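Written out below as structure tokens is the structure these notes cover.
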Amino acid sequence: MRNKKETEINKDLMKKASDIANEFNLFTHGYRTLLLIHRAKEGAVKANNSHLKKYISANKEEFVNCLYRLLYLKENSKDQLRIYSQVNSRNFDKAIREYKERQLEADYYSQEDKYQFYRDTHNRFVSSFSKPSCKIDSYFIVDCDSIEEWNDALEEFSNANLNDKIIQQYPTKNGWHIVTHPFNPNLLSDKLNSKINRDGLLLLSY
């Protein structure tokens, strides 16, 4: 990519962002967070994560634009970065209320901690926004760490007559994600039950 002109790179990344958004079309509408993450298992240390980004999108057009910006940062980093987005959209008013409650709590912090709260308002709001109590949707993600786990999960879904709950499946770095409508987890084995994330993140790029 380094040999291409900047305009060609930007065009390629915008197309990639659009293609990813189309693949995950059901999960691009409404308010949700997109994140650029450097995971510990891929060499991250906390001190090196300050430059990573979090955006909140309101609709598919904004989703594509936010994703494009994160892809640009990812492609220009030496680190192994991943891009995620929330599977469940958010109620913005609930997020604001949660943030205001945290803001009031900050009045009782030490002076240093209170000032730090206001120096980090974007991350504090995203944290409030991401709280499960602020979600609108109720989609689940079954995180399968290997192809074998994915095959076992599909067999369990079939045996429990839950195939109609599956919305989307896609490969991750080492396994698969199965995105579903909400269902009774007790219909599946305890082993698979532990893999269910009731408010998870979609892996968009790695």
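The values are calculated or read from the model by the stated rules, or taken from the named source; none is laboratory data. Given the structure is predicted, the values throughout are model-derived calculations rather than measurements. For neighbour counting, all protein chains shown are included, and Cβ atoms are generated from backbone atoms with ideal geometry for every residue, glycine included.
Structure notes:
- Tally of residues being within 20 Å of residue 87 (Cα to Cα) and of a type in the set (D, E, K, R) across the range 145-187: 4
- Extreme residue, farthest from residue 37 (Cα to Cα), among residues of the range 97-141 that are under 20 Å from the mean Cα position of the chain (by Cα) and hydrophobic (A, V, I, L, M, F, W, C): 136
- Failed item in (1) buried (at least 16 other Cβ atoms within 10 Å of the Cβ); (2) in contact (Cβ under 8 Å) with a residue 24 or more places away in the chain, with residue 138 passing the rest: (1)
- Flag for residue 76 being within 17 Å of the chain's Cα centre (by Cα) and surrounded by fewer than 20 Cβ atoms within 10 Å (Cβ to Cβ): no
- Listed conditions (1) more than 27 Å from residue 20 (Cβ to Cβ); (2) under 23 Å from the mean Cα position of the chain (by Cα) are all met by residue 168, apart from (1).
- Unmet criterion (only one of (1) within 29 Å of residue 72 (Cα to Cα); (2) surrounded by fewer than 16 Cβ atoms within 10 Å (Cβ to Cβ)) for residue 159: (1)
- Selection within the range 163-174 - buried (at least 17 other Cβ atoms within 10 Å of the Cβ) and in contact (Cβ under 8 Å) with a residue 24 or more places away in the chain: 168
- Between 130, 189, the distinction of being surrounded by 14 or more Cβ atoms within 10 Å (Cβ to Cβ) and at pLDDT 95 or above belongs to 130 only.
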